[in-house]
Amino acid sequence: EGGDAVGPYTFNCIRSLIGAVVLLPVIKLLGRRAAKQDTQTAADNKQLWLGGISCGVILFVASTFQQLGMYYGTTAGKAGFLTACYILIVPLLGLFLKKKCGWNIWVSVFVAVIGLYFLCLKDGFTVQLSDGLVLLCAFVFSIHILVIDYFSPRVDGVRMSCIQFLVCGILGIIPSICIDMQHSMVQAELVLSALGTWDAWIPILYAGIFSCGVAYTLQIVGQDGVNPTVASLLLSLESVFSVLAGMVILHETMSSREILGCVLVFAAVLFAQLRLDNRNINS
């Protein structure tokens, strides 16, 4: 809704900047309660800014690839499936970083991919050039998860999230002017006019406050100590929640294929959480 009203890049730009602003009072409140904030060293601040800037640039690149892929013809369902392929890419990249996974997690990844196929794809699967852009998006999102895995134990997650959105929002100004506004004052006036309506601001505020300010921040805080492959499986549940929300909010109906997809993804996430070792198997 927000992308239709003001353009996808303008929407992403504004929502990211709102996400950064929303976190400022949270940072101030947490700073008062946490005595360790007073012991921040120059090295700690350097790590914080490095992590925030890295995550912001990566998030911007991933979002841009996704938008371009959909703009050039990839359907929303296929984009959802291809983007969620980060659940395959994360453990593969993790092997190079010595991030080991148990056999149950590899089985869970395989089952989740099948589930996402049933959930997101309804008209078969054909590969187009635009799909390559969305796959690049999935690859970059995989790097995003691994970068968060590296920095989250080392820095304050809420502060890093705030910097991430600030960087992503500033970078988003470029495609907003070049693509959505087309370097044209007339087009710019149309975008500004659209920003004067609630049709634009309701989705922008929701995405800025809840998607950026809450969800992405909880991802950074929650990934501290979580295997990145397990984190990617948990994040893939967004496809399940989106279908369920469509039923509850938009009164959409689920086909038996979509129900099967939801069950497989949910089962895969649960199976990945099991602690399996030789003692469990023998007993």
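The values are calculated or read from the model by the stated rules, or taken from the named source; none is laboratory data. Treat the numbers as computed from the prediction; the structure is a model and nothing was measured. Backbone-built Cβ (ideal geometry, glycine too); neighbour counts: all protein chains shown. Just so you know, the surface numbers come from the protein's heavy atoms only, side chains and all, with ligands and any DNA or RNA stripped out. Shrake-Rupley method; radii C 1.70, N 1.55, O 1.52, S 1.80 Å.
Of the helices (runs of 4 or more DSSP H) entirely within the range 1-108, those holding at least 2 residues that are over 22 Å from the mean Cα position of the chain (by Cα), surrounded by fewer than 21 Cβ atoms within 10 Å (Cβ to Cβ) and modelled with pLDDT of 80 or more occupy 8-33, 42-71.
Are any of the residues in the range 122-129 farther than 24 Å from PHE271 by Cβ, of a type in the set (Asp, Glu) and either in contact with an Asp or Glu (Cβ under 9 Å, 6 or more places away or on another chain) or open to solvent by 10 Å² or more (accessible area, probe 1.4 Å) (or both)? Scanning the range 122-129 turns up at least one residue that is farther than 24 Å from PHE271 by Cβ, of a type in the set (Asp, Glu) and either in contact with an Asp or Glu (Cβ under 9 Å, 6 or more places away or on another chain) or open to solvent by 10 Å² or more (accessible area, probe 1.4 Å) (or both). Annotation: of all residues in the range 184-212 being open to solvent by less than 50 Å² (accessible area, probe 1.4 Å) and free of Cβ contacts under 8 Å to residues at least 40 places away in the same chain, the one that is nearest to ALA5 (Cα to Cα) is ALA188.
For (1) farther than 23 Å from LEU23 by Cβ; (2) part of a helix (DSSP H, G or I); (3) modelled with pLDDT of 85 or more, each residue gets a yes or a no:
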position: ILE202; (1), (2), (3): no, yes, yes
position: ALA207; (1), (2), (3): no, yes, yes
position: PHE210; (1), (2), (3): no, yes, yes
position: GLY213; (1), (2), (3): no, yes, yes
position: THR217; (1), (2), (3): no, yes, yes
position: ILE220; (1), (2), (3): no, yes, yes
position: GLY225; (1), (2), (3): no, no, no
position: ALA231; (1), (2), (3): no, yes, yes
position: SER242; (1), (2), (3): yes, yes, no
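Taking each residue of the range 14-26 that is touching a residue at least 60 places away in the same chain (Cβ under 8 Å) and looking for partners that are open to solvent by 30 Å² or more (accessible area, probe 1.4 Å) and not in a helix (DSSP H, G or I) with beta-carbon atoms closer than 9 Å, six or more apart or interchain, yields ILE14/LEU195.
The number of residues in the range 213-257 being free of Cβ contacts under 8 Å to residues at least 12 places away in the same chain and of a type in the set (S, T, N, Q) comes to 2.
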